[in-house]
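Notes follow the structure.
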Amino acid sequence: MLHDPSQALAFFWSGWTATWPTQLLALIWLAWLVSWAVGSIFSGRTEKHVRTWDSRAYRIPILIGAVLLTPWTARVLGEQPIWQVGNAGTYGLGGVALAGVLFTWWARIHLGRFWSNAITRKEGHRVIDTGPYGLVRHPIYTGLIAAMLATGVAVGTATALLGTLLIAFGLWQKARMEEGFLTTELGSDTYGSYRHRVPMLIPFLPHR
């Protein structure tokens, strides 16, 4: 047990979060989490949402993946990186992670009061198909997946890589559920037309 506060702090800020330049990745994610939480107060009134029980299909893999990605899992397991990308590689991947989280913020600001952390229909909800939503239907998930994958590759441990894949799978599953929900709520003609015009998660791929 970590009864000493200094020991608890050392454990919390340990592993790849305490060694530069991988520490840069931790700072990027910390800044994103704090700003995202603060920004959650700016959202419209929810009229309908997917049941919490149904959302376990994407919440569980995301939660497990997040635990595996943390530096504490690797430390407890005594895990070593499978590869070393070097300082230049880490800075490059850090740049990809930063671009990914900035892409999520572009999408969130563009979505405005229609944004929600869960799968919901907001008051006055309509299809947004401009800005990042003209590139992919789920740009927030696209940015998160890119940033997570860059982080996992930079860290290089087996658990971090597995964690990023689970998070990516969870976000893909959430996107699929959101597609079905919005098609029902907004109408197959309205949302179905958008689905045919814009790819789901990866820009410039054939639309599905």
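If I ask for residues that are open to solvent by 20 Å² or more (accessible area, probe 1.4 Å), among the aliphatic types (A, V, I, L, M) and in contact with a helix residue (DSSP H, G or I) (Cβ under 7 Å, 6 or more places away or on another chain), which ones from the range 129-139 would you list? Selection gives nothing.
Of the residues that sit in the range 142-189 and are free of Cβ contacts under 8 Å to residues at least 12 places away in the same chain and assigned to a helix (DSSP H, G or I), which one is farthest from TRP83 (Cα to Cα)? Filtering the range 142-189 for residues that are free of Cβ contacts under 8 Å to residues at least 12 places away in the same chain and assigned to a helix (DSSP H, G or I), the one farthest from TRP83 (Cα to Cα) comes out as ASP189. Counting the residues of the range 190-206 that are crowded, with 17+ Cβ neighbours inside 10 Å and in a loop (DSSP other than H, G, I, E, B) gives 4. For the range 73-86, taking the residues that are in a helix (DSSP H, G or I) and open to solvent by less than 100 Å² (accessible area, probe 1.4 Å), the one that is farthest from ALA160 (Cα to Cα) is identified as GLY86.
Give the residue that is modelled with the lowest pLDDT, with candidates limited to residues of the range 114-140 that are aliphatic (A, V, I, L, M) and assigned to a loop (DSSP other than H, G, I, E, B). Looking at residues that are aliphatic (A, V, I, L, M) and assigned to a loop (DSSP other than H, G, I, E, B), I get ALA118. Looking at THR104, THR130, THR90, just one residue is more than 15 Å from GLU178 (Cα to Cα) and touching a Pro at 6+ places or on another chain (Cβ under 6 Å), and that residue is THR90. The listed residues are LEU111, LEU102, LEU68, and the only one of them that is in contact (Cβ under 8 Å) with a residue 60 or more places away in the chain and either among the hydrophobic types (A, V, I, L, M, F, W, C) or in a loop (DSSP other than H, G, I, E, B) (or both) turns out to be LEU68. Taking GLY170 as the residue in question, decide whether it is over 23 Å from TYR91 (Cβ atoms), of a type in the set (Gly, Ala, Ser) and at pLDDT 95 or above. Yes: the conditions hold for GLY170.
The values are calculated or read from the model by the stated rules, or taken from the named source; none is laboratory data. Note that the structure is predicted; figures quoted are calculated from it, not measured. As a convention, Cβ positions derive from the backbone with ideal geometry for all residues, glycine included, and neighbour counts pool all protein chains shown. What goes into the accessible areas is simple: the full protein's heavy atoms, side chains included, and nothing from ligands, DNA or RNA. Shrake-Rupley method; radii C 1.70, N 1.55, O 1.52, S 1.80 Å.
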